[in-house]
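Below is one structure, written out as structure tokens; the observations come after it.
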Amino acid sequence: MSADAALVDTGTETAGWVPLVELAEIERSAPIPVPVTALGSPWALVILDGEVRALYDVCPHRRVPLSAGKVAPGPDGAEVLECGYHGWSYGASGACARIPALGENVVPRGMGSVAVLTTAVADGVVWGTTDAAPGPLPDRTDRTEFPAQQLDDEER
Ligand code: FES
């Protein structure tokens, strides 16, 4: 577990699945992340190589929101979330994939990883959980409430 992963307050060990946002909102925003607050922490929601990802929304370099960055091609061809400040970039697992100041051919190992939520998409809704072994997604027919998004909107 990285230092940032240790900072993520999940509230409980088994928080379960929480609805984060409509998939369409992430698609509309791309390549810019959608910021949400859920499970006690901020997350930057993006699509990396066709999969929805939720990365802890704090860059380990200078503690600024990763949601101010954008999706970009990574050094190994896989898409990354690139910090908008100095370009540190994070892959789907949250591992740091690039630090521009180190040079293009240097892959950082064990530096600056960020936590990720496990995500799933069902019927156009993106769900997230910190559970190590999440159960099945809950049934949800009422999509009008996104606690994570509402909390984020109130903070703006
Ligand atoms: S603050 Fe993110 S790369 Fe410097």
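Rule-based calculations on the coordinates, nothing more; no lab input. These numbers come from a predicted model, not from an experiment. Glycine gets a Cβ as well: all are built from the backbone with ideal geometry, and neighbour counts include every protein chain shown.
Couple of notes before you dig in:
- Count - residues of the stretch 64-97 that are more than 19 Å from residue 26 (Cβ to Cβ) and assigned to a strand (DSSP E or B): 2
- Within the stretch 61-74, restricting attention to residues that are surrounded by 15 or more Cβ atoms within 10 Å (Cβ to Cβ) and more than 8 Å from the ligand (Cβ to nearest atom), the residue that is farthest from the chain's Cα centre (by Cα) is 74.
- Meets criteria (surrounded by fewer than 23 Cβ atoms within 10 Å (Cβ to Cβ), more than 15 Å from the ligand (Cβ to nearest atom) and of a type outside the set (D, E, K, R)) for residue 112: no
- Being exposed (fewer than 15 other Cβ atoms within 10 Å of the Cβ), within 16 Å of the ligand (Cβ to nearest atom) and in a loop (DSSP other than H, G, I, E, B) is a condition met by no residue of the stretch 119-138.
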